[in-house]
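I have placed the structure first, in the form of structure tokens, so that the comments after it can refer back to it.
Coordinate-derived values only; no laboratory data. In this text the structure is predicted, and so the values were computed from the model without any measurement. Cβ coordinates were reconstructed from backbone atoms using ideal geometry, including for glycine residues, and neighbour counts include every protein chain displayed.
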Amino acid sequence: MLNTTPPEKLEAALEPILDVDGALWFLALDVVLANGDGYWVRSSDYSIYKDPQGKFHLVPHDMNEAFQMNVMGPGMGGPRRLQVGPGGPGGAAGGQGGGAPEGEPGAAPPPPPPEQEQPESDRPQRGPGMRGPGGGPGGMGGGQSATELDPLVGLKDVTKPLRSKLLAVPALRERYLQHVRTIAEKNLDWKNLGAFVAVERGVIEKEIAADTRKLTSLAAFNMATSNEAPASNNGQARRREPMSLKAFADKRRAYLMGYQPKSETAAQPAGEQLSR
């Protein structure tokens, strides 16, 4: 139905069988949190549930790679994890992690057949410079930071039809951008998010301290969940300093509240901000 229904008829056709607004919230959350292994980048990490009334719902899961940027591509053998120690949220100590061999759990899917290949301009760009909390080179975006990931990324990517088809409908794209704005304005506000992080930190901090096989130090965990910025090392670091959840939330929120869609894909006239 996504592939065969004209954009002007798509919402009405989907409404009886898909929670359309729920799908838009799913897409918005995936991008706002820069889910480095999510639908926008890998068509990954979600489930589909069909309720007793016959309507499908999208359920995100396995979002441990949010707030940072991972990268994978055909033939890479799984996601290369950009986690430079002592790392930010989820960051592993030291360098980049590898992926599973092809054909094993966690491996990259095989390359699409030739007929599904797209012009490079229609795919999310891979290149140096994409960094999330934990830092590291060589992620998505060709120099774009995770906190400045465009909410309208990949609108022509046919391998992600929930984005390319749903967001081709102007009214749905407008609603999606409003959901992006709502998440940025309310949920990324550290007055709200910070209180939640503090509660969760209190629940698990002792367990992390006792864990003898953790991938990061207790100090890195405390830094990642702190209300304070990481202490400066006077510019002597070889790597980009790790980013806390607060720093990510503040920078991502500021970018999204001032976001201006490009005119050729905008749901709003050029120049109108998402924070309108």
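A compact table of results
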read-out	value
Efficiency of FRET between residue 196 and residue 158 - r from beta-carbon atoms, R0 30 angstrom, step 0.05	0.25
Neighbour-count ranking [beta-carbon atoms within 10 angstrom, fewest first] of 25, 190	190, 25
FRET E, pair residue 203, residue 171, Förster distance 45 Å, beta-carbon r, rounded to 0.05	0.65
Residues 212, 147, sorted so that the one with the fewest Cβ neighbours within 10 Å comes first	212, 147
Extension gain, residue 59 back to residue 210 (0.36 nm per residue minus Cα-Cα distance, nm)	51.1 nm
Cβ-based exposure ranking for 218, 24, 152, in which fewest neighbours within 10 Å come first	218, 152, 24
Difference of contour (0.36 nm per residue) and Cα-Cα distance, residue 12 to residue 182	58.7 nm
Restraint check, 55/214; 9/251; 55/160; 50/191; 50/156, Cα-Cα greater than 29 Å	55/214; 9/251; 50/191
